Amino acid sequence: MLNKIKEIKKEMGDDLLILAHHYQNDQIVSVADYVGDSLKLAQMAEKNKTAKYIVFCGVHFMAETADILTEDWQKVLLPALTAGCPMANMADLDQAEKAWELLKAEFGDEETVPVTYINSKAEIKAFCGRHGGTTVTSGNAGKVLSWALSQKKRVLFLPDQNLGKNTAVDLGIPEEHMALYDQSTEKLTYACSKEDVKMVLWNGYCHVHHTIALSKVEEARKAHPNAKIIVHPECTHEVCKAVDGKGSTEFLINQVKNAPAGSEWVVGTEANLVLRLVETNPDKKVSILNTRSVCTNMNKTSVENLLETLEQIKENNFEKQITVDDNIAKDAVKSLNTMLSLS
Ligand code: SF4
């Protein structure tokens, strides 16, 4: 099947672009034109002006983002149509509008700017675009959040409370100056004065990273006393505080790749990426922080459904195409462009 995919790629040439996220399995990565994190893949999609068909091996919000950033004549397809992101699904437009009204009542009009992690629905990116906000990825979070904090008195950060908190702490914002908005109870809680609230964190998280317990770090320290432990900033703040470094998937890869031979690393992120680090760095000792860090949605892309997608394209069957409504896309692109201009 992999050979068949390679044949179709050759046949279609520049008409076809296959993008794959770092969390995809090795077989998918082996046939991708580009492999990267959300930021790099969004930039690749935006830059490409030749491919009629962009096949996105990842989850739904990534294909939506690619559709927003590409030209009308380019079609974006997702091999596994049920591959969603549970964290992105923790924030929808109705919930965001309710939160916005509550924040206006609490802090006043024009006092807050919304910032959404790229791991969000297109309608949330559009919400941010409409209110002068931006999108952010783990690869540019510090820069983008600094910009947002220079625009208004406070930031509403959706949907990942961990990335929001970890980035804000890095920028010097005390934890006690952060509020939590719970979208299911529609309640806002904070322990400081109103004026001191700088961040309002949405109560969302990525289960793959959020469930890495502090005890895993303690166990790894005992088992690998000479290792450096690095994690993705979707991990909780207590885990991020306890490790030696945190950053985007590109950061994690580069840390290990550029390290001296013989060094030891324990990496806390999705298993496909860590297992690839083990294979591609045989001169170093690399292990995974939590063997349960598996994203079932990322793993829904298979050689079978990728081949099926390519064969369907050849037959002019676009049932796996992902499209974003023009009304949503026109506002979502504003928040994406703000981020890309800051990256
Ligand atoms: S790893 Fe987490 S954030 Fe990424 S797609 Fe899976 S659930 Fe969503």
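Heavy-atom accessible surface of the range 94-207, averaged per residue, reaches 38 Å², computed with a 1.4 Å probe. Here r is the Cβ-Cβ distance between SER341 and CYS192 and R0 is 30 Å; the resulting FRET efficiency, rounded to 0.05, is 0.40. Pairs of Cα atoms in the range 1-53 fall into 10 Å distance bins, from 0 up to the last occupied one, in shares of 25, 51, 24 percent.
Extension gain, LEU171-LEU2: 0.36 nm per intervening residue step, less the Cα-Cα distance, totals 56.3 nm.
Remark: the Cα gyration tensor places the range 151-292 in the prolate category, a/c being 1.5 or greater and a/b exceeding b/c. Mean separation of Cα pairs under 8 Å and 6 or more residues apart, divided by the residue count, gives the range 237-343 a relative contact order of 17 percent.
Taking all Cα-Cα distances within the range 70-207, those exceeding 27 Å account for 17%. Atom-type composition of the exposed protein surface of the range 213-343 places 48 percent of the accessible area on carbon and sulfur (1.4 angstrom probe).
Our summary gives the range 1-137 a relative contact order of 18 percent, counting only alpha carbon pairs under 8 angstrom and 6 or more residues apart. Largest accessible area first, the residues MET178, MET1 order themselves as MET1, MET178 under a 1.4 Å probe with ligands, DNA and RNA left out.
With R₀ fixed at 56 Å, the C-beta to C-beta distance from ARG221 to ASN316 puts the FRET efficiency at about 0.50. Please identify which residues in the range 240-273 have an amide N closer than 18 Å to a label point set 7 Å out from the Cα of THR211, following the Cα→Cβ vector. Of the residues in the range 240-273, 268-273 have backbone N under 18 Å from the label point off THR211. If R0 is 25 Å, the Cβ-Cβ spacing of LYS228 and GLN43 corresponds to a FRET efficiency of close to 0.30. Backbone N atoms of the range 166-180 closer than 19 Å to the 7 Å Cα→Cβ label point of SER150 belong to residues 167-173.
Relative contact order for the chain: what is it in percent, counting Cα pairs under 8 Å that are at least 6 residues apart?
Details: 683 pairs, mean separation 75.1, N = 343.
Normalised by residue count, the contact order of the chain is 22 percent.
Solvent-accessible area of the range 9-143 (1.4 angstrom probe, protein heavy atoms only): carbon and sulfur portion equals 46 percent. Across every direction, the projection of the convex hull enclosing the Cα atoms of the chain has a mean area of 17.2 nm². Taking trypsin sites (Lys or Arg not before Pro) as candidate sites, keep only those in a DSSP loop with at most 13 other Cβ atoms within 10 Å, then name the longest stretch of the chain containing none of them. With a cap of 13 other Cβ atoms within 10 Å, the longest stretch comes to 50-291. May I ask for the distance between the Cα centers of the range 48-82 and the range 282-343, given as a whole number of Å? Using only Cα atoms to place each centre, the spacing works out to 8 Å. Taking label points 7 Å from Cα along the Cα-to-Cβ direction, GLU279 and THR82 give a separation of 2.6 nm.
The values are calculated or read from the model by the stated rules, or taken from the named source; none is laboratory data. Predicted, not measured: the structure shown is a model, and the values here were computed from it. Every residue, glycine as well, gets a Cβ built from its backbone with ideal geometry; the counts of neighbours run over all protein chains shown. Quick note on the areas: whole protein, heavy atoms, side chains included, nothing else; ligands and nucleic acids left out. Shrake-Rupley method; radii C 1.70, N 1.55, O 1.52, S 1.80 Å.
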